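The next block holds one structure in the form of structure tokens; read it before the comments.
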């Protein structure tokens, strides 16, 4: 009779190398953990594959590999796992860390072993990450580059404005001339990246479809749509509106216990702050330009709600509508405008 064998792998990834820990489970009995150290390069990955074959690891559903999301350093490993059909879970670093409980001591080898034990403990709940999409990774890099260049341009312009109140006219004019080339260069770079982003989206039918659907939602513009595509991996994994809203930090949570602790609901500090900031700008725009949201905002303010609380509710609505149009694969229909038009016709 063949033994029931499963393998759980934890990998701690850094820029130059990664540490791997492997634990076989034979007939539901945990075996000793094996550890190894590899370069985070193509050659290192080949050595890692040989190490796995040496320990008779099966490249199927009986093997689960867990790594933390490191931004860009885990991409080679992600692509490698896709290539050899190895199941991989790319987890949130904070969530994984908290699951360890009180943990003393830390180094790359220890972290890999902890990830290995986490993979075994949470194997029934883990969702496997979708295969790496090269175009989405390109889109993510372009979006990140645009954000950085925009931040540099704004920093330079803000600095010049601050100096304007301090310097004499001659010095200020000289500084503005010096910074002019840099600021104009940054603007050109931003324009070039935006063109590349547009071209990349147009080259992929799935991205273009999702992008167009998102733009149909009032309050979601080009930048918001692109950021949503990037941070959700084009809405892979059947993500729900509530999950995305929680990730964006626009869902209020309660905090009460018994009779002594009764605090008002508030959003959690752990969120994608860049997405939250982009949604805030979209919410402010839609409140002023969209009749439905303006009516909603005015009604809530008349009820005595705090302005930021109402704006947060609008951001939540934008996220829920974004997910809804993607799931239905149909553009957003503004029923509020339709109902008003019907009322006018009847009147």
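What to note about this one:
- Selected residue [out of contact with any strand residue (DSSP E or B) (no Cβ under 8 Å at 6 or more places or on another chain), modelled with pLDDT under 90, in the same structural domain as residue 235 (by TED's automatic domain parsing) and over 20 Å from residue 231 (Cβ atoms)] from 310, 346, 337: 337
- Single residue of 62, 107, 82 found to be touching a residue at least 12 places away in the same chain (Cβ under 8 Å) and either under 23 Å from residue 39 (Cα atoms) or touching a helix residue (DSSP H, G or I) at 6+ places or on another chain (Cβ under 8 Å) (or both): 82
- Flag for residue 149 being within 23 Å of the chain's Cα centre (by Cα), surrounded by 18 or more Cβ atoms within 10 Å (Cβ to Cβ) and under 20 Å from residue 48 (Cα atoms): no
- Of the residues making up the range 265-307, those that are touching a strand residue (DSSP E or B) at 6+ places or on another chain (Cβ under 8 Å) and outside any loop (DSSP other than H, G, I, E, B) number 3.
- Condition met for residue 127 (exposed (fewer than 12 other Cβ atoms within 10 Å of the Cβ) and in contact with a strand residue (DSSP E or B) (Cβ under 8 Å, 6 or more places away or on another chain)): yes
- Residue 97 vs. criteria farther than 18 Å from residue 9 by Cβ, in contact with a strand residue (DSSP E or B) (Cβ under 9 Å, 6 or more places away or on another chain) and surrounded by 13 or more Cβ atoms within 10 Å (Cβ to Cβ): yes
- Annotation note: of 95, 89, the sole residue that is without any contact (Cβ under 8 Å) to a residue 40 or more places away in the chain and within 21 Å of the chain's Cα centre (by Cα) is 95.
The values are calculated or read from the model by the stated rules, or taken from the named source; none is laboratory data. For clarity, every value in this text was computed on a predicted model and none was experimentally measured. Neighbour counts are summed over all protein chains in view; Cβ atoms, including those assigned to glycine, are modelled from backbone coordinates with ideal geometry.
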